[in-house]
Ligand SMILES: NC(=O)c1ccc[n+]([C@@H]2O[C@H](COP(=O)([O-])OP(=O)(O)OC[C@H]3O[C@@H](n4cnc5c(N)ncnc54)[C@H](O)[C@@H]3O)[C@@H](O)[C@H]2O)c1
């Protein structure tokens, strides 16, 4: 018996990195998954790998409210109901000191993370019942500062506010909302931040970051996915409003 038997999850950023690993882990635990993201080829590939009976996708930008509404409608039409919302899509924003940080990129980064999570909760919550779980991927930098990525840090803190507001509002309906705070995790996303922040190649840049992490290494997407499955499942039935850090000790 799987821990997510009979459950349907919608996952933004489901075609890459943490989202893709979580989709696989959820399917392994018995769920069906509807992936939402920007990259049509990667979405198709992911669905082919996960299997047509277990997975489907919609290409959509989470900042586009109508596109989110359409994606949610397609998920419901395809799978009949919705139990888990994994709001995980994210962009890195610029890497620059505040004085040089482009204002339009700051605004865009806030939109992808905060407005994107808002759109997902706004348009999925009417379909959710008691026992449903909403998970927002924030970051370790949703709980601490970090120089050179102000748009990203502000956006990841904003997601904590969104999570808390939604958790308060949705407890009367017994819907749980939690945020997930990964530390550096080996994905294309993190490679890009690290190379731009250090000006080094991928391996050397990753080594520089490893030296900052008390456990001495990056997480794998599969490790983060284990916590996602936990938060999605009834194993975490008494958790709501929690900021769940999986960060190799960075917050110590
Ligand atoms: N990798 C890390 O070290 C790390 C650490 C902490 C938090 N995170 C967060 O984890 C989440 C997933 O990142 P990842 O590392 O797996 O990166 P990734 O680049 O592998 O995946 C990001 C995904 O988000 C999707 N996406 C980006 N902008 C979108 C938009 N506007 N609309 C819809 N989809 C969009 C992309 O299509 C892609 O599938 C992000 O929210 C990121 O901020 C990552």
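Each value in this text was obtained by applying a stated rule to the coordinates, not by laboratory testing. Predicted, not measured: the structure shown is a model, and the values here were computed from it. Note: ideal-geometry Cβ built from the backbone for every residue, glycine included; neighbour counts use all protein chains shown.
General remarks:
- Exposure proxy ranking, count of Cβ atoms within 10 Å, fewest first, for 162, 26: 162, 26
- Normalising the average separation of contacting C-alpha pairs (under 8 angstrom, six or more residues apart) by the number of residues puts the relative contact order of the chain at 20 percent.
- Taking the fewest neighbouring Cβ atoms within 10 Å as the starting point, the ordered list for 121, 134 is 121, 134.
- What the Cβ-Cβ distance of residue 77 and residue 202 gives, at R0 = 45 Å and to the nearest 0.05, is a FRET efficiency of 0.65.
- Each peptide in 220-226, 11-17 was scored by the mean count of other Cβ atoms within 10 Å over its residues; highest first, the order is 11-17, 220-226.
- Exposure proxy ranking for 108, 20, based on other Cβ atoms within 10 angstrom of each Cβ and starting from the fewest, stands as 108, 20.
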